[in-house]
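The values are calculated or read from the model by the stated rules, or taken from the named source; none is laboratory data. Quick caveat: nothing in here was measured; it's all calculated off a predicted structure. Here the Cβ is made from the backbone with ideal geometry for all residues, glycine too, and neighbour counts use every protein chain on show.
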Amino acid sequence: MIYLDNAASTQIHDDVVDSMLPFLKEQFGNPSSIHRYGRQSRKAVEKARKQIAQLVNAEPSEILITSGGTESNTTVLHGLVSKLSRGKIITSSIEHDAVLEPCKRLEKNGHKLEYLPVNDSGMVEPTSLEQKISDDTTLVSIMLANNEIGTVQPISEFARICHSHNVPFHTDAVQAVGKIPVDVKATNVDFLSISSHKLNGPKGVGALYIREGFAIDPVILGGGQERGMRSGTENVAGIVGFGKACEIAKNNFDTNLSGMLSLRDDLIRKVTDEISGVTINGDLESRLPNNAHFTFLGVNGEDLIIKLDEHGIAASTGSACSINTQKASHVLQAMGFSHEQITGSLRLTVGIFNTQDDVNKTVIALKQIVKELRDVSPFKDKYSFLQN
């Protein structure tokens, strides 16, 4: 199989697996225990916390370990906002459901919710935040990089605007950390969400950066782990693997970045040059180095995925149509895409283990599959290029 769905999840690194194994077997102690087994586990957790912090230039004390990006987002939204007076939450129209759904719950509980629009490249304009933010705003949450189209937002500017109004700023950086430089001090964000399995670590573990000086009410109550902010016995093996993945990402950052950029650019160039009626979606400059999101007119994206899978290639529509909810992509809708453009979308995301051969074989397969699907397309009479 050629795996080109790295925005959904990444292959765990061999060195990460090796780092986890001792804590699945011999070093199985509870980190809250004071005997040697417990102390070994506690030491490993704190080492991982430091590795996570170093990847985003935070202090270890500012890292809250969670079960993943979804919990991190919910923690800041409910742990911060729910204890404040019912005010306004500002977010973007293209956020992941892990932000939108907690926001909707808060809205039901009396908080006001404002959505910032995006342009046709999926960018949030800072001026739109300036227009919406007000004295009754309790939190602004805008993602760093979009999971579907890969657009990278100007979060430093958003943070500046928020702080000029004394409003805290959160960013969902799940897609960005490990792929582009993320520095919490330079961007001046107050909260930042990370997920392990997006950067070649294990699933079921993540982190929330909380700038020193901010207090969050715990969402999960119990034994008081994570300095009372997130109870529950720690997933030591997962946390160790997450820390190791962060260390690898930091040490190999330049090599990984240049490799993904080269493959992504070659993929975009070949697809757009060699297949007619295809467009690349999202901002062409301010985007993740591994994301290529296309629209193939006259083709259904889900049919493309099925056919690609038959050719041994794993891809995604980029949530253009959720399998569970059968709803059209809210991201592409917010960008003004037509129904036909949305259903014809395909997301290909490269990772650190992909090769040039993967790209070459994928382009060859795509050319064949797109031709086959267009030969039977109901839009055949609409576009001249479908008749060739």
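Key figures
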{"item": "Criterion: in contact (Cβ under 8 Å) with a residue 40 or more places away in the chain and buried (at least 24 other Cβ atoms within 10 Å of the Cβ) - qualifying residue of 210, 180", "result": "210"}
{"item": "Some residue of the stretch 156-164 being under 21 Å from residue 97 (Cα atoms) and either at pLDDT 95 or above or crowded, with 24+ Cβ neighbours inside 10 Å (or both)", "result": "yes"}
{"item": "For residue 359: the one exception among (1) of a type outside the set (Gly, Ala, Ser); (2) within 24 Å of residue 123 (Cα to Cα); (3) in contact with a helix residue (DSSP H, G or I) (Cβ under 8 Å, 6 or more places away or on another chain); (4) at pLDDT 95 or above", "result": "(2)"}
{"item": "Complete set of residues in the stretch 1-14 that are farther than 10 Å from residue 201 by Cα and modelled with pLDDT of 95 or more", "result": "2, 3, 4, 5, 6, 7, 8"}
{"item": "Qualifying residue in the stretch 85-99 (condition: at pLDDT 95 or above, more than 18 Å from the chain's Cα centre (by Cα) and surrounded by fewer than 15 Cβ atoms within 10 Å (Cβ to Cβ))", "result": "no"}
{"item": "In the stretch 169-204, the residues that are out of contact with any helix residue (DSSP H, G or I) (no Cβ under 8 Å at 6 or more places or on another chain), closer than 16 Å to residue 66 by Cα and part of a loop (DSSP other than H, G, I, E, B)", "result": "173"}
{"item": "Close pairs (7 angstrom Cβ cut-off, 6 or more residues apart or separate chains): charged (D, E, K, R) in the stretch 246-264, in a helix (DSSP H, G or I) anywhere", "result": "247/51; 250/54; 250/55"}
{"item": "Qualifying residue in the stretch 288-310 (condition: over 21 Å from the mean Cα position of the chain (by Cα), of a type in the set (Asp, Glu) and assigned to a loop (DSSP other than H, G, I, E, B))", "result": "no"}
{"item": "Set 351, 318: member being closer than 16 Å to residue 6 by Cβ, assigned to a loop (DSSP other than H, G, I, E, B) and at pLDDT below 95", "result": "318"}
{"item": "Members of the stretch 22-48 that are surrounded by 14 or more Cβ atoms within 10 Å (Cβ to Cβ) and among the aliphatic types (A, V, I, L, M)", "result": "24, 44, 45, 48"}
{"item": "Residue 189 more than 24 Å from residue 137 (Cα to Cα) and modelled with pLDDT of 95 or more", "result": "no"}
{"item": "Unmet criterion (only one of (1) in contact (Cβ under 8 Å) with a residue 60 or more places away in the chain; (2) within 20 Å of residue 209 (Cβ to Cβ)) for residue 46", "result": "(1)"}
{"item": "Among (1) in contact with a Gly (Cβ under 6 Å, 6 or more places away or on another chain); (2) without any contact (Cβ under 8 Å) to a residue 12 or more places away in the chain; (3) polar (S, T, N, Q), the one test that residue 66 misses", "result": "(2)"}
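Per-residue answers, yes or no, for (1) within 25 Å of residue 341 (Cβ to Cβ); (2) among the hydroxyl-bearing types (Ser, Thr, Tyr); (3) touching a Phe, Trp or Tyr at 6+ places or on another chain (Cβ under 8 Å); (4) surrounded by fewer than 22 Cβ atoms within 10 Å (Cβ to Cβ):
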| site | (1), (2), (3), (4) |
| --- | --- |
| 235 | no, no, no, yes |
| 246 | no, no, no, no |
| 254 | no, no, no, yes |
| 281 | yes, no, yes, no |
| 287 | yes, no, no, no |
| 295 | yes, yes, yes, no |
| 306 | yes, no, no, yes |
